[in-house]
Amino acid sequence: MKAQTARRTFLFGTAASLAAAPGDREIRTAHIGIGNRGTSLLKQVLEQRNVRVTAICDIDPKARDAAQSLAHRDNPRSFTEYRRVLDLNDVDAVAIASPCDLHAEMASACLDAGKYVYCEKPLGITPEQVDLALKASRRAKTFLQIGQQLRYMPGLRAVIAQIHNDKVIGTPFVVKAQRHSTPVRPEADAARPQWYLDPKRSGDLIVENAVHNIDVCNWVADSRPASAFGHGKRYLPKSVPAGSIMMDGFSVEYIYENDMHLDYSQLYLHPRALKELANGQWYMVFGEKGTVNLSKGIFYDIAGAAEPREMIPAGVRDAGENAMSDFFACIRDGRRPFAGIEVAATAALTAIMGREAIYQRRMITWKELGVTL
Ligand SMILES: NC(=O)c1ccc[n+]([C@@H]2O[C@H](COP(=O)([O-])OP(=O)(O)OC[C@H]3O[C@@H](n4cnc5c(N)ncnc54)[C@H](O)[C@@H]3O)[C@@H](O)[C@H]2O)c1
């Protein structure tokens with residue numbers, strides 16, 4: 001993937017080789033995995049114009065009952081086995097929000113069955129899973145959009161466009177980013193689904209969770225990492241080596257193909273009273289002419305000659321994300337999504353690379369992942 005080509009694709013989409021768009025006709029959806037996130041996606045879908053929910057699928061009968069009552073307007077059929085959804089002629093698009101280790105298999109099967117796919121992040125938790133979904137997507141006449149909804153925050157888009165197109169900081173050199181929270185309470189862990197705490201099913205904190213933040217860093221870097229090095233573990237309630245249970249802290253250094261450098265850290269050790277760095281999630285992008293606080297949309301001149309400047313236009317600042325409405329708009333317009341398969345695969349592989357660097361306590365290169373992208 002050449003950086004410039006990728007950026008054009010992300011910003012404008014491409015209409016080539018997609019299945020015939022259904023125009024303004026009704027789009028019929030199926031929903032696989034309707035737990036916490038799947039319910040939220042189902043609610044979003046029910047709010048879309050000219051969209052009908054025709055099938056729901058979950059292995060948990062309680063989840064199926066809850067989804068059926070939520071979507072009672074459309075009276076969807078209910079399934080336990082996701083493969084039953086593949087043969088349904090009255091399903092155009094599928095929303096997948098199952099545990100992370102199932103995404104790639106389910107998404108590939110849906111793409112092969114000719115469905116459009118909205119798949120929760122991460123695309124996969126191993127290079128092999130990412131490759132499976134990538135290959136299915138290349139065969140498909142439909143498309144996959146990944147649930148990395150930060151790509152659909154209008155404020156973030158406006159700021160990143162000024163870094164890429166208007167060169168507000170000149171050449172960007174370094175991104176520093178963090179995600180800090182207070183320690184995870186044992187009762188919060190106990191309320192989590194089993195798959196979440198098991199790194200072999202979730203992909204661990206960096207793949208399940210930080211993939212959102214790391215993707216924003218990939219987006220602003222407009223490149224992909226060549227290598228990663230890092231350290232992390234489960235620090236609390238007692239220190240446990242990485243890989244045995246989901247980490248609660250790690251730091252990773254990435255060097256990108258274009259020589260940019262990302263320093264990302266995530267910690268669930270932040271005392272409530274510690275005000276420094278307490279602003280949960282942030283990203284600073286340092287360049288030859290200055291620094292951008294990406295989350296707040298503020299530019300700081302490197303020489304300090306000018307006052308810090310607001311970058312997000314009035315009216316855009318408070319606009320919410322529109323990932324789901326754009327998914328249906330892409331189907332209707334025959335456009336490829338902004339957060340499509342390349343974004344999905346690059347983000348998942350970046351996170352996997354960081355995780356393997358932490359687990360193996362050595363530098364891991366992109367080439368070692370063995371996926372052609
Ligand atoms: N984009 C976001 O902001 C965001 C937020 C939260 C979660 N997520 C992602 O959404 C996914 C689901 O997370 P969650 O918190 O909803 O988990 P969850 O455990 O609440 O929901 C998962 C659902 O999948 C069902 N399921 C498991 N195996 C299945 C199978 N073989 N066939 C059909 N259904 C199956 C479970 O019964 C459950 O109802 C994860 O990948 C997570 O990373 C994304």
Only unsatisfied item for Thr171, checking (1) out of contact with any His (no Cβ under 9 Å at 6 or more places or on another chain); (2) hydroxyl-bearing (Ser, Thr, Tyr); (3) under 28 Å from Tyr268 (Cα atoms); (4) open to solvent by 40 Å² or more (accessible area, probe 1.4 Å), is (3)
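Return the residues of segment 32-47 that are more than 16 Å from the ligand (Cβ to nearest atom) and open to solvent by 40 Å² or more (accessible area, probe 1.4 Å); say none if nothing qualifies.
Glu47 - this is the single residue of segment 32-47 that is more than 16 Å from the ligand (Cβ to nearest atom) and open to solvent by 40 Å² or more (accessible area, probe 1.4 Å).
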For Asp204, are the conditions met, namely being at pLDDT 95 or above, acidic (Asp, Glu), surrounded by 19 or more Cβ atoms within 10 Å (Cβ to Cβ) and more than 10 Å from the ligand (Cβ to nearest atom)? yes
I'm trying to understand the selection: among the residues of segment 98-121, which are under 19 Å from Arg336 (Cα atoms) and near the ligand (Cβ under 10 Å from one of its atoms)? Cys119, Glu120, Lys121
Selection from segment 63-97 of residues within 9 Å of the ligand (Cβ to nearest atom) and over 13 Å from Gly38 (Cβ atoms) yields Phe79, Thr80, Glu81
Take Arg332 and tell me if it is over 24 Å from Tyr196 (Cα atoms), out of contact with any helix residue (DSSP H, G or I) (no Cβ under 6 Å at 6 or more places or on another chain) and of a type outside the set (A, V, I, L, M). yes
Lys296 fails exactly one of (1) more than 21 Å from the chain's Cα centre (by Cα); (2) open to solvent by 70 Å² or more (accessible area, probe 1.4 Å), namely (1)
Residue within segment 226-241 that is modelled with pLDDT of 95 or more and out of contact with any strand residue (DSSP E or B) (no Cβ under 7 Å at 6 or more places or on another chain) present: no
Any chance segment 141-164 includes a residue that's over 28 Å from Pro99 (Cβ atoms), touching a helix residue (DSSP H, G or I) at 6+ places or on another chain (Cβ under 9 Å) and without any contact (Cβ under 8 Å) to a residue 12 or more places away in the chain? yes
Which pairs do you get when a residue that is farther than 20 Å from Arg37 by Cα, found in segment 324-346, comes within reach of a residue that is among the basic types (Lys, Arg), reach meaning Cβ atoms under 7 angstrom, with the pair 6+ apart or on two chains? Cys330/Arg336; Phe338/Arg151; Val343/Arg151; Thr346/Arg224
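Results for (1) in contact with a strand residue (DSSP E or B) (Cβ under 7 Å, 6 or more places away or on another chain); (2) without any contact (Cβ under 8 Å) to a residue 40 or more places away in the chain; (3) in the same structural domain as Pro199 (by TED's automatic domain parsing), shown as yes or no for each residue.
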| residue | (1), (2), (3) |
| --- | --- |
| Ala55 | yes, yes, no |
| Ile59 | no, yes, no |
| Glu81 | no, yes, no |
| Asp92 | yes, no, no |
Please indicate, with yes or no, whether at least one residue in segment 325-341 is modelled with pLDDT of 95 or more and more than 20 Å from Tyr152 (Cβ to Cβ). no
The condition of being more than 20 Å from Asn213 (Cβ to Cβ), β-branched (Val, Ile, Thr) and not assigned by TED's automatic domain parsing to the domain that holds Ser137 holds, among Ile298, Ile331, Ile302, Ile312, only for Ile302
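Tally the residues that are within 16 Å of Arg157 (Cβ to Cβ) and either touching a residue at least 60 places away in the same chain (Cβ under 8 Å) or open to solvent by 90 Å² or more (accessible area, probe 1.4 Å) (or both), restricting the search to segment 300-318.
So the count comes out to 8.
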Checking the structure you have, find out if any residue of segment 249-268 is among the polar types (S, T, N, Q), within 24 Å of Val159 (Cβ to Cβ) and surrounded by 18 or more Cβ atoms within 10 Å (Cβ to Cβ). yes
If I go through segment 207-233 residue by residue, how many of them are open to solvent by less than 10 Å² (accessible area, probe 1.4 Å), over 18 Å from Leu373 (Cα atoms) and within 12 Å of the ligand (Cβ to nearest atom)? 3
Within segment 141-168, count every residue that is surrounded by fewer than 19 Cβ atoms within 10 Å (Cβ to Cβ) and assigned to a loop (DSSP other than H, G, I, E, B). 4
Criterion: part of a loop (DSSP other than H, G, I, E, B), of a type in the set (A, V, I, L, M, F, W, C) and touching an Asp or Glu at 6+ places or on another chain (Cβ under 8 Å) - qualifying residue of Val175, Val184: Val184
Would you check if Gln162 is within 18 Å of the chain's Cα centre (by Cα) and away from the ligand (no atom under 15 Å from the Cβ)? no
How do the pairs read when you match residues in segment 99-111 that are charged (D, E, K, R) with residues anywhere that are part of a helix (DSSP H, G or I) and near the ligand (Cβ under 9 Å from one of its atoms), using Cβ under 8 Å and keeping only pairs 6 or more apart or on different chains? Asp101/Trp195; Asp101/Ser202
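The values are calculated or read from the model by the stated rules, or taken from the named source; none is laboratory data. All of these numbers come straight from a predicted model, not from anything done at the bench. Cβ coordinates were reconstructed from backbone atoms using ideal geometry, including for glycine residues, and neighbour counts include every protein chain displayed. In case anyone asks, the SASA skips ligands and DNA or RNA and just uses the protein heavy atoms, side chains included. Shrake-Rupley method; radii C 1.70, N 1.55, O 1.52, S 1.80 Å.
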